[in-house]
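Peer 1: Handing you a structure now.
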Amino acid sequence: MSENRRVGQVKEVTSLANPIVKDIRALALKKYRDQQGAFMAEGLKLVIDALDLGWTIRTLVFARSQRGNAAVEKAAARTVAAGGLVLEVPEKVLVAITRRDNPQAVLGVFSQRWTALSDIRPREGDVWVALDRVRDPGNLGTVIRTVDAAGARGVILVGETTDPFSLETVRATMGSIFAVPVARGGAEAFIGWTKAAKVRLVGTHLEGSVDYRRPDYRGGPLVLLMGNEQQGLPEALAQACDTLIRIPQAGRADSLNLAVATGVALYEARRHAFPLAEGDGA
Ligand code: SAM
């Protein structure tokens, strides 16, 4: 079968040396994700969700074995209609792109989407989660997923952080990367924004003076600020907080994992949004 043979609007590519495949493989590195303003997401369900949510697809890649699969063909048609490219590839190409032995049969390359901090105008009842210098892609992905599940508005990355569009982070979000707005800014810009936006800034801190179950989180917009995995919150950010809350601990662990602490505090802050209905396990 010849390289780059077109079947309808699908391009068949077999070689790892193909320039389009090379560009997609390069997305494993942040430098090239930034250059291309793109990222990849694996799995047909994720691709369909992203298309439904209006994300811009640049390329749909699917395994040869999926030829004739109605759902894949529909996603391919939507990609072409949106001006994107569709590639049919052998499994070895998917293995190389995803760096996985058992890759998903479908993946999409999408344009990155960032929310500008200055465009966030939180309203009464809104909760945002801010992460100070988050390092671990798994933590960031899990927080994005948790923000989605808890019905918070989005995530603000403060300072130098891991990339929300890395393959590892996107995997850990389980699709929530397409549902949760992500903004970024330096610590100073972030503090300035919290004042201008008149949000209540609640920091989580091992030495917080308030038990996390004490505050009444209802009312005005709230930002829950989480510290870096190794160092916790730096002084300047801790000082900017209206309240510093602490999650009590027993045992020998000196702290909770960042994503776990976010889940615990966020669900408490959003507790009123999930009132118990009659019959809920009563
Ligand atoms: N060694 C770090 C320190 O001294 O803060 C531990 C950081 S912890 C792994 C990462 C972040 O999770 C913390 O900065 C805080 O935001 C949150 N966190 C973890 N355990 C917590 C607890 N028991 N109470 C409040 N926040 C906690």
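The values are calculated or read from the model by the stated rules, or taken from the named source; none is laboratory data. Note that the structure is predicted; figures quoted are calculated from it, not measured. No Cβ is skipped: glycine too gets one built from the backbone with ideal geometry, and neighbour counts run over all protein chains shown. Surface areas here come from the heavy atoms of the whole protein model, side chains and all, with no ligands, DNA or RNA. Shrake-Rupley method; radii C 1.70, N 1.55, O 1.52, S 1.80 Å.
Peer 1: At a 1.4 Å probe, what is the % contribution of carbon and sulfur to the accessible area of the chain?
Peer 2: Whole-percent figure for carbon plus sulfur exposure: 49.
Peer 1: Among V182, V199, V95, determine the one that fluctuates most according to a GNM of the chain built with springs between C-alpha atoms less than 10 Å apart.
Peer 2: It is V95.
Peer 1: Right, here's the next one. When ligands, DNA and RNA are left out and all protein chains stay put, how many square angstrom of accessible area per residue does region 159-278 have with a 1.4 Å probe?
Peer 2: Per-residue value: 53 Å².
Peer 1: Hey, got a sec? Which GluC sites (Glu not before Pro) in region 213-282 land in a DSSP loop and have at most 15 other Cβ atoms within 10 Å?
Peer 2: Those satisfying the criteria are E278.
Peer 1: Also, quick follow-up: Roughly speaking, what is the centre-to-centre gap between region 34-68 and region 228-282 when only Cα atoms are used, to the nearest Å?
Peer 2: The distance from the Cα centre of region 34-68 to that of region 228-282 comes to 34 Å.
Peer 1: Please report, in Å, the Rg and the Dmax of the chain, where both are computed over Cα atoms only.
Peer 2: For the chain, the Cα-based Rg and Dmax read 21.4, 68 Å.
Peer 1: Something else about it: Taking a virtual spin label 7 Å from the Cα of E168 along the C-beta vector, which residues in region 84-99 bring their backbone nitrogen under 16 Å of it?
Peer 2: Taking a point 7 Å out along Cα→Cβ of E168, the residues of region 84-99 whose backbone N falls under 16 Å are 98-99.
Peer 1: Please compute the net charge surrounding R246, taking Lys and Arg as +1 and Asp and Glu as -1 over other residues with Cβ under 11 Å from its Cβ.
Peer 2: Spelling it out: positives minus negatives among the neighbours equals 0.
Peer 1: Grab the beta carbon distance between Q231 and L276, set R0 = 45 Å, and tell me the FRET efficiency rounded to 0.05.
Peer 2: 0.75
Peer 1: Which one, I144, I247, I57, has the greatest fluctuation when you compute a Gaussian network model over the chain with C-alpha springs under 10 angstrom?
Peer 2: Comparing I144, I247, I57 in a Gaussian network model of the chain, the most mobile one is I247.
Peer 1: Within a Cβ distance under 12 Å of D23, other residues only, what is the Lys/Arg minus Asp/Glu net charge?
Peer 2: +4
Peer 1: Let me ask you something else. What's the FRET efficiency of R64 with Q36 using the Cβ-Cβ distance as r and R₀ = 30 Å, to the nearest 0.05?
Peer 2: So, using R0 = 30 Å, E works out to roughly 0.75.
Peer 1: I've got another one for you. Please go through region 1-108 and write out the GluC sites (Glu not before Pro) that DSSP classes as loop and that have at most 16 other C-beta atoms within 10 Å.
Peer 2: E3
Peer 1: Nearest 5 is fine: what % of DSSP beta bridges in the chain come out antiparallel, could you say?
Peer 2: 30
Peer 1: A further question follows. List nothing, just return the count: lysine pairs in region 6-111, 8 or more apart or interchain, with Cα separation under 19 Å.
Peer 2: Lysine pairs, 8 or more places apart or on different chains, close enough: 7.
Peer 1: Using 1/(1 + (r/R0)^6) with R0 = 41 angstrom and r between the beta carbons of A81 and D101, what's the FRET efficiency to the nearest 0.05?
Peer 2: FRET efficiency, A81 to D101: 0.80.
Peer 1: In addition: How far, in nm, would the chain grow between A116 and D52 when pulled straight, counting 0.36 nm per residue and subtracting the alpha carbon separation?
Peer 2: Separation in residues times 0.36 nm, less the Cα-Cα distance, equals 20.8 nm.
Peer 1: Pop a pseudo-label 7 angstrom from the Cα along the beta-carbon direction at both A26 and K195 and give the gap in nm to one decimal.
Peer 2: 4.2
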